[in-house]
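Notes follow the structure.
The values are calculated or read from the model by the stated rules, or taken from the named source; none is laboratory data. Being a predicted model, the structure only gives us computed values, none of them experimental. Every residue, glycine as well, gets a Cβ built from its backbone with ideal geometry; the counts of neighbours run over all protein chains shown. Accessible surface areas use protein heavy atoms only, side chains included; no ligands, DNA or RNA. Shrake-Rupley method; radii C 1.70, N 1.55, O 1.52, S 1.80 Å.
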Amino acid sequence: MAEISTDRKIDPNLDSQHASSGGVTSRGRGAMLRWFMVLFLVFAVVGVYALLQRRTEHQVLAEQTERMAVPFVSIIHATRIEGESTMVLPGTLKAYVESPIYARTNGYLKKWYKDIGSHVNKGDLLAEIDTPEIDQQLAQMRADLTTAQANLGLAGTTTTRYQELLKSDSVSKQDADNASGNYAARQAMVQSAEANVKRLEEMESFKRVYAPFSGVITQRNVDSGNLINAGNGGSANKEMFDLAQIDPLRVFVSVPQSFSPSIHLGMKACLELTEYTGRSFCGQVARTANAIDPATRTLLTEVDVPNPSGTLLPGSYAQVNFNVKVTGQRFTLPINALLFRPEGTMAAVVGPDGHLNLKKITIGRDFGASVEVLEGISPEDNIVINPPDALEQGQLVKVATASQSPPQ
């Protein structure tokens, strides 16, 4: 048998090609893996940086918001007024007597005779009301009174006759008593009719409205043809006229508690009004409340001022100059340092801890750009200038330095 040979001749070039191809593939995969690692690290670094950047921005924004939440304010100090001066306080002028005039009967306004600004004397006719219903009722009651009087006369005659006949026993005692009772009843009916007539006559007299005192008509709320109801004028809860006596005038002044011992009855006081520059209108203290108002710590004082020419008008504002020397601590503040609240005039004072304290102050004289402060503050107080209306008691603020202005 012949032997089969299994030996194969291997080409050495082919083996080298296989080896070269496998090596190239391994090196390419390693290079790609390294590139992926580099890209992953780059993205990771960028992500961490972006996260840190955003966190830093949020922190800066929170700090800025917190700083902006605390308002900046500028402060000043009150200026002390040295020496003595007269006591000048604000006052309000009011009529000496003021009264609304209401209707006392029902009807239609026939005519009015006095308008606003008219000077009237006591008893002057102000208006006339047409009252047809009252007139008819009065006519009816007068007729009823005449009938009752006629029946009373007949009952009196009958009673007299029965009394005479009773003496001769011509009538019974019962009939005589009935006649006497009928006479008494007729008398009562006459008295009732007279009272009704008197009542209607009084109501009819109210158809003419008269001035209860001398003064000036300050308001007229009715016109001809208006329906008038008893108790009001042409509309519900409205009077027909307002009448005010303006000579003299009452001036009411709230004197601070610290100055109340200086006020006494008969003290001279003069008024100064901005519309009458260089003129003063003098009167005297007529009365005081004799009690300190716990809400304002002031003494209500009334000054009566003669006003024969009618120059002064009720409701006006005036500066009342009392004839007394004032000593003690007094200050001035600019107008733009005041806060006007429902509780009164206040000043915002910054405390050592940066929190606000709203102090209620008492105003004296008005100097135009500034006012006199009689009590409520001290010269050491840091008072906020141009305070915002939103400031509240106890609020935290920051004081702006000379080179730093409050943000708008």
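Data for the structure
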read-out: Convex hull of Cα atoms in the stretch 257-408, direction-averaged projection (nm²); value: 11.9
read-out: Nearest-10 value in Å² for the accessible area of Tyr276, using the 1.4 Å probe; value: 60
read-out: Helix 132-167 axis, angle to the chain major axis (alpha carbon atoms, nearest 10°); value: 40
read-out: Heavy atoms of His119 accessible to a 1.4 Å probe, total area in Å² rounded to 10; value: 130
read-out: Shape metrics for the stretch 137-185, restricted to C-alpha atoms - Rg then Dmax, Å; value: 13.9, 47
read-out: Accessible-area value, Lys359, 1.4 Å probe, nucleic acids and ligands omitted, Å²; value: 50
read-out: Sorted largest first, extent of the chain alpha carbons per principal axis (Å); value: 205, 93, 42
read-out: Cα pair distances of the stretch 161-231 binned at 10 Å [whole percent]; value: 14, 22, 18, 14, 11, 11, 8, 2
read-out: Accessible area expressed per residue, the chain, with surrounding protein chains retained (probe 1.4 Å, Å²); value: 63
read-out: Heavy-atom accessible area order for Glu57, Glu194, largest first, 1.4 Å probe; value: Glu57, Glu194
read-out: Straight-distance crosslink candidates among lysines, where the alpha carbon sits under 30 Å from Lys360 and sequence neighbours closer than 8 are dropped; value: Lys94, Lys268, Lys325, Lys398
read-out: Length gained when the stretch Lys360-Val324 is fully extended (0.36 nm per residue, less Cα-Cα span); value: 10.5 nm
read-out: Normalised contact order of the chain, rounded percent, pairs of Cα under 8 Å and 6 or more residues apart; value: 23
read-out: FRET E, pair Glu302, Thr274, Förster distance 30 Å, beta-carbon r, rounded to 0.05; value: 0.85
read-out: Potential extension, Lys238-Phe43 segment - 0.36 nm per residue separation minus Cα distance; value: 61.8 nm
read-out: Helix 173-205 vs. the chain, principal-axis angle (Cα, 0 to 90°, nearest 10); value: 50
read-out: Taking only Cα atoms of the stretch 101-199, radius of gyration then Dmax in Å; value: 23.6, 79
read-out: Distance between modelled label sites at Val70 and Ser180, nm, 7 Å Cα→Cβ extension; value: 10.6
read-out: With Cα atoms, 0 to 90° folded angle of helix 12-69 axis to the chain main axis; value: 30
read-out: Approximate spin-label separation Tyr210-Leu391, in nm, with each point projected 7 Å along Cα-to-Cβ; value: 6.0
read-out: Accessible surface of the chain [probe 1.4 Å, protein heavy atoms]: carbon and sulfur percent; value: 54
read-out: Prolate/oblate/rounded label for the stretch 308-359 (Cα gyration tensor, a/c 1.5); value: oblate
read-out: Sequence-distant aspartates and glutamates (8 or more away, or on other chains) whose Cα lies within less than 19 Å of Lys359; value: Asp293, Glu343, Glu372, Glu375, Glu380, Asp381, Asp389, Glu392
